[in-house]
Structure formats: structure tokens, C-alpha cells
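First up is the structure itself, then whatever we jot down about it.
The values are calculated or read from the model by the stated rules, or taken from the named source; none is laboratory data. What you see is a predicted model; the values in this text were computed from it and never measured. As a convention, Cβ positions derive from the backbone with ideal geometry for all residues, glycine included, and neighbour counts pool all protein chains shown.
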Amino acid sequence: MAYLVRKFNRAKWEPSAIRPEHINQLTADAFTSCLRTSGNTLSVWHAESPDWGTFDDILAALFSTLDGPNRADVIIFEEEVIENIAGVDLLVTEGGTAADTTVNSKHRDIANLNYESISQLAEVVLSELGKQEPLIKRYNEKKVIELVKNSVDNGRIDPAHLHKRWQVKLGIAS
């Protein structure tokens, strides 16, 4: 089974403890902040396992797109669930991160999103949040820095392509 990984802001989803069947009560911020699309696509990353330690380079690539290190929430959901949303396509697209092609090749776009399908995608997030043991994890800033630094040290991320704030935090620039 394959999985999809996405950074999101858990606080935008949890204050109301909304269940998927009451999606119409979800705040607009959950959509505009966490499900922000471009060209009717949503960026995600492909992972072969939901085991957090197995895709550190993907997380590092994802975190490296930020203007600098910050706390981050990450959610994992089954790829099959997304493929079952009518009308959407899961496209293999090269990630536009400072990571090498091995990592960037694991990027995907959920494409052809519209009002109905983005709502169904929000239901997937709500469903995961409602599970006894959701596939959601918060990374503090220290762990975010550690993951990116390890990927830089392993040659998976080119530090020259990181934002200046990242370079300063990693001791590459002043």
C-alpha cells in the first residue's frame, strides 16, 4: 500500500472537533491555509510506508521549502483513498525543492480539484484526525532543523538552494 504525506496546520482543523459528516461547519481557514491549491492541484509526497522514520528525506524536502525552520504538523493518508475521489488524478510531478532528483521524484500532485473534490479531500483529513491513532505528527523546530541538516549532510539537499534563513540556521551563511 502507498501513502501520501502533506504538511498542514492541525490547529486549523481541531478547534471544532468536526466530524466528516459535518464538513460544512469546517472553518474557511482549514481550506485556505492547509488545502491551498495552485492550478487546481494540491502538492503531496509519496511514501511506501506510514512509518515515520522511513521518509525523513521527504520530510526534509518538504520542510526545506519553508522560508526557514518552524514547527510543522504532517499528516499521512492512504493513496488509494485519494485515487477513489471521482474526477481527481494523482500525477507524478517533480518536486521543486532543494532536494536531489531521487527525493523530488517522490512528489505528486492531486489534480483536477474542484469544490466537490476538495471537500472530499477535507473529509479525508477530518477522518484521519478522528482516528484513535491518527497518522499525524508534530515536529518541533529542533527536529525540523535536524531532518534538514541530516539531508544536507547526506547530500540529498543542496544547501545553496535553501532560503537564507535556513542557511543561517544550518551555519552555512551569516
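Here are some notes:
- Annotation: of all residues in segment 156-174 being among the charged types (D, E, K, R) and part of a loop (DSSP other than H, G, I, E, B), the one that is surrounded by the most Cβ atoms within 10 Å (Cβ to Cβ) is R156.
- Residue check, N150 surrounded by fewer than 17 Cβ atoms within 10 Å (Cβ to Cβ) and in contact (Cβ under 8 Å) with a residue 12 or more places away in the chain: yes
- Flag for G130 being farther than 14 Å from A60 by Cβ and among the small types (G, A, S): yes
- Scanning segment 60-80 for residues that are within 17 Å of P134 (Cβ to Cβ) and either in contact with a Cys (Cβ under 8 Å, 6 or more places away or on another chain) or at pLDDT below 95 (or both) yields a single hit, F77.
- Residues that are in contact (Cβ under 8 Å) with a residue 24 or more places away in the chain and outside any strand (DSSP E or B), drawn from segment 101-120: T102, V103, N104, K106, N112, L113, N114, E116, S117, I118, S119, Q120
- In the set (1) over 17 Å from C34 (Cβ atoms); (2) among the acidic types (D, E); (3) assigned to a helix (DSSP H, G or I), E133 fails one condition alone, (3).
- Any hit, segment 77-89, residues being under 16 Å from L42 (Cβ atoms), surrounded by fewer than 19 Cβ atoms within 10 Å (Cβ to Cβ), within 15 Å of the chain's Cα centre (by Cα) and among the polar types (S, T, N, Q): no
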